[in-house]
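Student: Shown below is the structure under consideration.
Nothing in this text is a laboratory measurement; each read-out follows from the coordinates by a stated rule. All values derive from a computational prediction rather than experimental measurement. Cβ coordinates were reconstructed from backbone atoms using ideal geometry, including for glycine residues, and neighbour counts include every protein chain displayed.
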Amino acid sequence: MAYITRSLEKSVTQISEDYSCLLLIGPRQVGKTTMLEHLMEGTARQKVTLDDMENRRLAKSDPALFLELHPAPVLIDEVQYAPELFPYIKIQVDQGAAPGAYWLTSSQAFHLMDLAQESLAGRVAILHMSSLSQSELYGDGCARPLSLSMEELSERNTHLGRCSSAEMFERIWNGGLPGHRSGRYRDRDGFYSSYIQTYIQRDVSDMIPGVDRLRFADFIRAAACRVGQMLNVHDIAQDVGVSDDTAKRWLRVLEQSGVIFYLRPYANHLLRRTVRTPKMYFFDTGLVAYLTKYSSPDILMNGALNGAILENYTVAEIRKTWHNSAKECLMHYYRDKDTNEIDMVIEADGELHPLEIRKSKSPGTELASAFRILDKGSSPRGTGAVLCLREEMSAIDRSTFILPIWMI
């Protein structure tokens, strides 16, 4: 099995020179532990996993003794199982623990972030990791947040891997989970089937004791059929036969474990007629394609959900460019009660950058007309783009590029 170099490696190394504690958060099996194990090769750092029930028991019942038995520098894997460790790690940091002393991983994002920030405020650096990006799989692997400057786009045009429409849907169908893409698990369907089972047995069952596992699996499939859409909790609940309140709780579990994420609608006091409902996306389109029963890239490319899954892929890849650079990005979508809609709005450097996502190879210039609605807001509109399956970069005008999705 070949190790695939991750864009976050440089950030982990640099941050470990400044912070005593680093928390790496991301969904199950995106390669968090593998990357950190790769970086600790040849060092004195040891690894201990809380997937091991004996380690977990000790970490929860006597965290001080646990840290004595596993002294820094140490990698503590799946730390969400013993949040009791945080106050004791804080003591070690306050007593002068060396930079990079504690590397922690977790597959339960929001809960752990809250606990870590409460117990280790100002003492922990938090990084986000997702599945493999286009740049890691097909390009130079460098971490660069998506920018719509001509200089940056010219750089991307040189260093990222070009592809046809058919090849793009092959990328989407295969997804970006390292276990499959590295060649370790060559049977894609078997890999994703095992992924769902493991996720429900370990993460979901831990977060929802006594959960009906079969029904929760149906729930994930129902959610996958609605990627790129405004969230309708009632429709998903009806599909599965659970109450709306149960569906809301289960969606929170999917979000907390990083399986789904939302784009919130953009609004400010000058744009009063905007909707308030978020749009839902999955972190990995290979998982979406498996759950929605597309058996090949060709069938997916011609299927009813092709546009929605392409949008999911594009939004997730843009998000990765920021997270892989150890940066946060304000990402929204726009829709108002007059049905004006923009697929994505990036808020950066005091400007709003509108993006439309289309399956077409030759998108019409009218697609950018909705961008002008942002001129009524309080922040200036910057360069926008139509992201599509065109193989070469082009432009509608000086303020709106036409970009191939492979350039993200």
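Student: Please arrange CYS388, CYS329 by counting, for each residue, the other beta carbons lying within 10 Å of its beta carbon, fewest first. Intermediate values should be presented prior to the final figure.
Tutor: Numbers: CYS388 23, CYS329 15.
Listed from fewest to most nearby Cβ atoms, that is CYS329, CYS388.
Student: Let me ask something else about it. Using all alpha carbons of the stretch 239-356, what is the percent of pairwise distances in each 5 Å bin, ordered from the shortest bin to the longest?
Tutor: 2, 10, 16, 20, 18, 18, 11, 4, 1, 0
Student: Straight-line reach only, C-alpha to C-alpha below 16 angstrom: list the lysines that LYS32 could link to, leaving out same-chain residues fewer than 8 apart.
Tutor: LYS10, LYS47, LYS320
Student: Oh, and also: Sorted by average packing, counted as other Cβ atoms within 10 angstrom per residue and highest first, what order do 358-367, 30-39 take?
Tutor: Per-residue Cβ counts within 10 Å, averaged per peptide and sorted highest first, yield 30-39, 358-367.
Student: Place the peptides 241-252, 163-174 in order of packing, highest mean first, counting for every residue the other Cβ atoms within 10 Å and averaging per peptide. Walk me through the numbers before you get to the answer.
Tutor: Values: 241-252: 16.0, 163-174: 19.0.
Peptide ranking by packing, descending: 163-174, 241-252.
Student: Also: In whole Å, what are the extents of the stretch 9-128 along the principal axes defined by its C-alpha atoms, from largest to smallest?
Tutor: Here the spans come out as 35, 32, 29 Å, largest first.
Student: Here's a follow-up. So for the stretch 154-251, considering every pair of alpha-carbon atoms, how many percent are separated by more than 25 Å? Each step should come with its number before you reach the end.
Tutor: On the way: 1844 of 4753 pairs.
Summing the P(r) of the stretch 154-251 above 25 Å gives 39 percent of all pairs.
Student: While we're on this one: Give or take rounding to whole Å, what are the principal axis extents of the alpha carbon atoms in the chain, in descending order?
Tutor: So the three principal-axis extents are 65, 49, 47 Å.
Student: Quick one: if you stick a label point 7 Å off each Cα along the C-beta vector at MET150 and ARG186, how many nm between them?
Tutor: 4.9
Student: Pick from ILE208, ILE200, ILE15: which residue has the top mean-square fluctuation in a GNM of the chain where Cα pairs under 10 Å get a spring?
Tutor: Sorting by GNM fluctuation, first place goes to ILE208.
Student: Next question, about the same structure. Sorted from largest down, what three extents in whole angstroms do the Cα atoms of the stretch 63-171 have along their principal axes?
Tutor: Over the stretch 63-171, Cα extents along the principal axes are 56, 29, 23 Å.
Student: Which order do peptides 16-26, 214-224 fall in by mean Cβ count within 10 Å, highest first? Write out the running numbers ahead of the final one.
Tutor: Numbers: 16-26: 20.5, 214-224: 18.5.
Result, highest mean first: 16-26, 214-224.
Student: I've got another one for you. From the residues ALA101, PHE219, HIS234, which one has its Cα farthest along the dipole of the chain in the positive direction, the dipole being from +1 and -1 charges on Cβ of Lys/Arg and Asp/Glu about the Cα centre?
Tutor: HIS234
Student: Sum up the charges of everything whose Cβ sits under 12 Å from the Cβ of GLY179, counting Lys and Arg as +1 and Asp and Glu as -1, but leave GLY179 out. Kindly include the intermediate steps, with their values, before the conclusion.
Tutor: Values: positive: ARG28, ARG181, ARG184, ARG186, ARG188; negative: ASP187, ASP284.
Taking every Cβ under 12 Å from that of GLY179, the sum is +3.
Student: Using Cα-Cα distances under 8 Å and only pairs 6 or more residues apart, what relative contact order does the stretch 9-128 have, in percent? Mind dumping the intermediate values first?
Tutor: On the way: 185 pairs, mean separation 50.4, N = 120.
Here the relative contact order equals 42 percent.
Student: Please state, as a whole number in µm²/s, the translational diffusion coefficient that the Stokes-Einstein equation yields for the stretch 108-203 at 4 °C and 1.567 mPa s, with Rh defined as the Kirkwood radius across alpha carbon pairs. Mind dumping the intermediate values first?
Tutor: On the way: Rh = 16.6 Å.
Result for D is 78 µm²/s.
Student: Quick one: helix 85-94 against the long Cα principal axis of the chain, what's the angle to the nearest 10°, folded into 0 to 90?
Tutor: Taking Cα atoms only, the helix is inclined about 80 degrees.
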